[in-house]
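*Asks:* Let me begin by handing over the structure; questions about it come next.
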There are 2 protein chains.
Amino acid sequence: MGGLAFRLLLLPFLAPVATTAVNPALRALASLNLQIFPTFQPEEANNYSIYYFDQKIDHFGFYNTKTFKQRYLISDKYWKTYDGVILFYTGNEGDITWFSNHTGFMWDVAEKLKALLVFAEHRYYGESLPFGDDSFKDSKHLNFLTSEQALADFAELIRHLKRTVPGADGQPVIAIGGSYGGVLAAWFRMKYPHLVVGALAASAPIWQFEELTPCGVFMKIVTEDFKKGGTKCSESILRSWGAINRLSNTGKSIENIISNLNSEDIQRLKDWLSETWVNLAMVNYPYPANFLKPLPSWPVKEVCQYLTNPYMSDSLLVQNIYQALNVYYNYSGQTRCNNISETTIGNLGSRVWGYQTCTEIILPFCTNGVDDMFEARSWDLDKYSDDCYKQWGVRPRPSWVTTLYGGKDIRSHSNIIFSNGDLDPWSGGGVTEDLSDTLVAVNIPDGAHHLDLRPSTETDPPSLQLARSVELRHMKQWVSDFYGNYRKQP
Amino acid sequence: MGGLAFRLLLLPFLAPVATTAVNPALRALASLNLQIFPTFQPEEANNYSIYYFDQKIDHFGFYNTKTFKQRYLISDKYWKTYDGVILFYTGNEGDITWFSNHTGFMWDVAEKLKALLVFAEHRYYGESLPFGDDSFKDSKHLNFLTSEQALADFAELIRHLKRTVPGADGQPVIAIGGSYGGVLAAWFRMKYPHLVVGALAASAPIWQFEELTPCGVFMKIVTEDFKKGGTKCSESILRSWGAINRLSNTGKSIENIISNLNSEDIQRLKDWLSETWVNLAMVNYPYPANFLKPLPSWPVKEVCQYLTNPYMSDSLLVQNIYQALNVYYNYSGQTRCNNISETTIGNLGSRVWGYQTCTEIILPFCTNGVDDMFEARSWDLDKYSDDCYKQWGVRPRPSWVTTLYGGKDIRSHSNIIFSNGDLDPWSGGGVTEDLSDTLVAVNIPDGAHHLDLRPSTETDPPSLQLARSVELRHMKQWVSDFYGNYRKQP
């Protein structure tokens, strides 16, 4: 099995973010996207102020005393210092302005909660670079890129805001994040419960680590999405791998898809295809959206229209795959040529997320071609580790996240909402059943990857509306509990 | 005010430990001590096996991949793999064998709880030196001496034991510690609740940081102990400072106490005296003991016999102080000369604790000479910081501990017993009222510094016996809750 493939499989986790992080076209695309949703006006969404806070590069040692500027955004339009709340977005792997524009939920609930909105950028992303241009230079400079340091940044920032923003001191804070940012929101509540009264962890695969979840679950869910997408759709994709292999063995060239590819290229092509199916499952939203790419509503169904017959000739099957791909890669009709080194809008910035997936964020994936529609691949940690060492000069510590954050034994914590979309492959590693009265699961049957964090639209399915109202109810409860206790104090 | 004085004032916190850490005379003295308590046989106490576990020097980064050997002790004499428990001593600033011998409580309850005893050494103390002889060389080598790294060591060690010791995997773990070790036990439960079902934090001043407790409380309690110790006792000590000042100004020499001292020496003398009074308050045990020094029962009362008249001449008052001091420094009758550079058995090892008090463990102290029996001194962080920089090349971050561990906002945690002796000056920065049903305070009216962790004796006051039975009851509850939940799981 190819190490590269598994590297690519990790991309979905970061794709919404890292790829756009340093892409100058980002803001243009983001605002294009915003126009799709009439209730979420860009001029409102962008009504934030940008600030910078001096953070210690190393929170966990006293030898390195240097600091860097962490960027954060603030919107106080709906904030009330009496009975209000601070909604704190725990930034993940990308430019924080992009998250701010793509987390319409926070803007939507700001008025209801009289909330101050804060979006904190994750170190080593966007403008928050500990060593400036040298930040990604080598493993020495990357040493301070960990979730612990990022959480400590959030903690210091919250204390800073409470000290310096008039009215903030007596207010509760709620952590909110999606995907890796959702993982951070949950971990933040677990490790710093004195700083946040609760967390909304949207599509947070906190159990995608070590052996907490069988490694095949992720791709099984992707497969199920395609099964639902259309008759024989997943079977067509399953059969396509053999077709590609046979075509490449015969040296035949398929126009637009396979031409002059050596065996390594063929593997990369298949990885690129796999990742594309994964991405489609993740952004299988009920309305036209532009999260990873501009797409129609229910894009998997759209794709599956081209994949109804697995039993045609290899050439025709691969031609159909190509047609299907165009839904994802050329929905706008502007793309002339597919670049198999990328699956989302650009792919700069993925570099440093790759470091995180080679150190702490070790997500085991595997396929068997029986329960899923992919070629069989086992999870090979040794190989993975060697690849990491080659690329970054570091080796993963796959059990550390479980040691530090508790794996499945998190029942002693409280006030975390774990929301998941059933269609989202990441839900397999998420918390989808209540763990206690205050560790609650919100499942969205028609939801893909953190759909609930997106701005509300008039075409939102009822399950999504219900999910958001449950989330809001919990947040209101945390706030009122806080003020109840707070005012009781002498 | 003198920076040195405040350095010295910090010693009590570490004195029971650090001073004896690298002292070869330690074991001899410790076993001498054990013989005082008939119920605590040295041959039983020492019935442990010594192990070493490879720990990462840096748990929070991936650049430094080196490891060091952490020492830990195990006793399985009373352990039962069915319904048993693992009592895990969160080692503090000293040699772990010394803690093992001075924490008779754990040995006493082992049979009742069918417990496996584990004593884990704190990094940079005893034999657990990350860089061997170079460990204390400079701030670069000391960089990995933090409470976070120590807690991570404990976490990794527990996971290691669960993986490798047959029968350990399905057992609950309880963290136990005293003084700084008690602080670590509490913090460990807060940060790693998935690894320990509860913590017994004995005499743990978790609120002696920042402005959580008024800086004068500590010395006020010391003073109250001396007020209780005898009529006019604290007044005599309060008056003694002026007497010493006047005598030193006149150039008069007082035999055995003041001779040929310059003004700096006089300050050091007064610091040494202050620290001696503090230590006496800490070890004001109801029976003869040898914790910091071999002492009679209720040593403060013993000392106060010499300090009943504050209004005699300066010379006579200072002579009486000298007599009083002999209770502490020469109870054995073997000491010829007092060395004012030390207040406990030796003072090696205090060096590296000094680093901790110059980085994370910033404990503000002050006196005013009105509410306490000491010369007035304010808490001057800037001066403190400059002194730290001079000595260690690092500056303190006094708010970090509060940011990280929550200060007073710890109500969301559970299953921690905070025990304190009312006579112990450290109780002022401790938790002495229940915070919730499961964050409970156990106060021992006749108790000094973590008296409850010492071996039981036939002369234990009823309040101490009650405290230990309450502690045992809570621990049994945690264990039965664990098995109740554990066996319910599929």
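*Asks:* Could you work out, residue by residue across A:57-70, how many beta carbons of other chains sit within 10 Å of that residue's beta carbon, and then give the average as an integer? Display every interim value, and only then the final one.
*Replies:* Numbers: counts 0, 3, 7, 14, 14, 17, 10, 3, 5, 0, 0, 0, 0, 0.
Averaged over the peptide's residues, the number is 5.
*Asks:* Restricting to Cα pairs below 8 Å that are 6+ residues apart, what does the relative contact order work out to for the range B:56-197? Please round to a whole percent. Can you show the working numbers first?
*Replies:* Values: 229 pairs, mean separation 41.1, N = 142.
It comes to 29 percent, rounded to a whole number.
*Asks:* For the range B:355-490, what does the relative contact order come out to in percent, with C-alpha contacts under 8 Å and a separation of six or more?
*Replies:* On the way: 151 pairs, mean separation 21.5, N = 136.
Over the range B:355-490, the number comes to 16 percent.
*Asks:* Under 5 Å between amide hydrogens, which residues at least 5 positions from B:Val442 or on another chain qualify, with H placed 1.01 Å from N in the peptide plane?
*Replies:* Amide H neighbours of B:Val442, under 5 Å, 5+ apart: B:Phe418, B:Ser419, B:Asn420.
*Asks:* On to the next question. Give me the compactness ratio for the range A:135-274, meaning the Cα radius of gyration over 2.2 N^0.38 Å.
*Replies:* 1.62
*Asks:* Now, a different point. Please arrange B:Cys304, A:Cys215 by accessible surface area, largest first, computed with a 1.4 Å probe and ligands excluded. Write down the numbers at each step before the final one.
*Replies:* Details: B:Cys304 5, A:Cys215 35 Å².
I get A:Cys215, B:Cys304, largest accessible area first.
*Asks:* Something else: Averaging sequence separations of C-alpha pairs under 8 Å and six or more residues apart, then dividing by the length of the range B:117-253, give the relative contact order as a whole percent. Working shown, then result.
*Replies:* Details: 106 pairs, mean separation 17.3, N = 137.
Across the range B:117-253, relative contact order equals 13 percent.
*Asks:* Between B:Lys228 and A:Glu211, what FRET efficiency comes out of the Förster formula 1/(1 + (r/R0)^6) with R0 = 60 Å and r the beta carbon distance, rounded to 0.05? Please report the intermediate quantities before stating the final value.
*Replies:* Details: r = 58 Å, r/R0 = 0.97.
Calculated transfer efficiency: 0.55.
*Asks:* Let me ask something else. Once you've got the Cα coordinates, tell me which of A:Lys232/A:Lys390; B:Lys301/B:Lys408; B:Lys270/B:Lys383; A:Lys66/A:Lys114; B:Lys66/B:Lys383 are over 30 Å apart.
*Replies:* On the way: A:Lys232/A:Lys390 41 Å; B:Lys301/B:Lys408 34 Å; B:Lys270/B:Lys383 19 Å; A:Lys66/A:Lys114 37 Å; B:Lys66/B:Lys383 36 Å.
Check vs 30 Å cut-off fails for A:Lys232/A:Lys390; B:Lys301/B:Lys408; A:Lys66/A:Lys114; B:Lys66/B:Lys383.
*Asks:* Short version: ³J(HN,Hα) in whole Hz for each residue of the range A:224-239, in order, from phi by Karplus 6.51 cos²θ - 1.76 cosθ + 1.60 (θ = phi - 60°), x for Gly and Pro, what are they?
*Replies:* The phi angles translate into 4, 4, 6, 5, 5, x, x, 4, 6, 5, 5, 5, 4, 5, 4, 6 Hz.
*Asks:* For the interface of A with B, what's the total buried accessible surface in square angstrom, probe 1.4 angstrom, rounded to the nearest hundred?
*Replies:* Details: alone 19670 and 19650 Å², together 35780 Å².
Protein heavy atoms only, the A-B interface buries about 3500 Å².
*Asks:* By its C-alpha gyration tensor, with a ≥ b ≥ c as the square roots of the eigenvalues, how is the range A:396-468 shaped: rounded for a/c under 1.5, else prolate for a/b larger than b/c, else oblate? Walk me through the intermediate numbers first.
*Replies:* Details: a/c = 2.84, a/b = 1.78, b/c = 1.60.
Prolate is the answer for the range A:396-468, as a/c is 1.5 or above and a/b outweighs b/c.
*Asks:* Follow-up. Cα convex hull of the range A:55-119: mean projected area in nm², to one decimal?
*Replies:* Working: hull surface 22.5 nm².
Answer in nm², one decimal: 5.6.
*Asks:* To two decimal places, what compactness ratio does the range A:352-398 give when its Cα radius of gyration is scaled by 2.2 N^0.38 Å? Present the calculation step by step, with values, prior to reporting the outcome.
*Replies:* Numbers: Rg = 12.1 Å, N = 47, 2.2 N^0.38 = 9.5 Å.
Computed over Cα atoms of the range A:352-398, the ratio equals 1.28.
*Asks:* Go from 0 up to the bin containing the longest alpha carbon distance in the range A:118-214, width 5 Å each, and give me the % of pairs per bin.
*Replies:* 3, 12, 19, 21, 18, 15, 8, 3, 1, 0
*Asks:* Which aspartates and glutamates, if any, have their Cα less than 16 Å from the Cα of B:Lys228, not counting same-chain residues under 8 positions apart?
*Replies:* Within reach: B:Glu302, B:Asp371, B:Asp372, B:Asp422, B:Asp424, B:Asp446.
*Asks:* Run the reach check for A:Lys112 against lysines, Cα to Cα strictly under 21 Å, same-chain hits fewer than 8 apart removed. What comes back?
*Replies:* Output for A:Lys112: A:Lys77, A:Lys80, A:Lys476.
*Asks:* Eigenvalues of the Cα gyration tensor times 5, then square-rooted: what semi-axes does that give for the range B:342-475, in whole angstrom, largest first? Spell out each step's value before the answer.
*Replies:* Values: eigenvalues 193, 82, 51 Å².
Equivalent ellipsoid of the range B:342-475: 31, 20, 16 Å, largest first.
*Asks:* Separate question: List the residues whose amide H sits under 5 Å from the amide H of A:Ser128, counting only those 5 or more places along or on another chain, with H placed 1.01 Å from N in the peptide plane.
*Replies:* A:Arg71
*Asks:* Something else now. At a Förster radius of 30 Å, what calculated FRET efficiency corresponds to the Cβ-Cβ distance of A:Gln323 and A:Tyr51, to the nearest 0.05? Walk me through the numbers on the way to the answer.
*Replies:* Values: r = 48 Å, r/R0 = 1.60.
Calculated value: 0.05.
*Asks:* Taking 7 Å along the Cα-to-C-beta vector as the label spot, tell me the B:Tyr311-B:Glu458 distance in nanometres, rounded to one decimal.
*Replies:* 4.6 nm
The values are calculated or read from the model by the stated rules, or taken from the named source; none is laboratory data. In this text the structure is predicted, and so the values were computed from the model without any measurement. Cβ coordinates were reconstructed from backbone atoms using ideal geometry, including for glycine residues, and neighbour counts include every protein chain displayed. The area values use the complete protein model at the heavy-atom level, side chains included, leaving out ligands, DNA and RNA. Shrake-Rupley method; radii C 1.70, N 1.55, O 1.52, S 1.80 Å.
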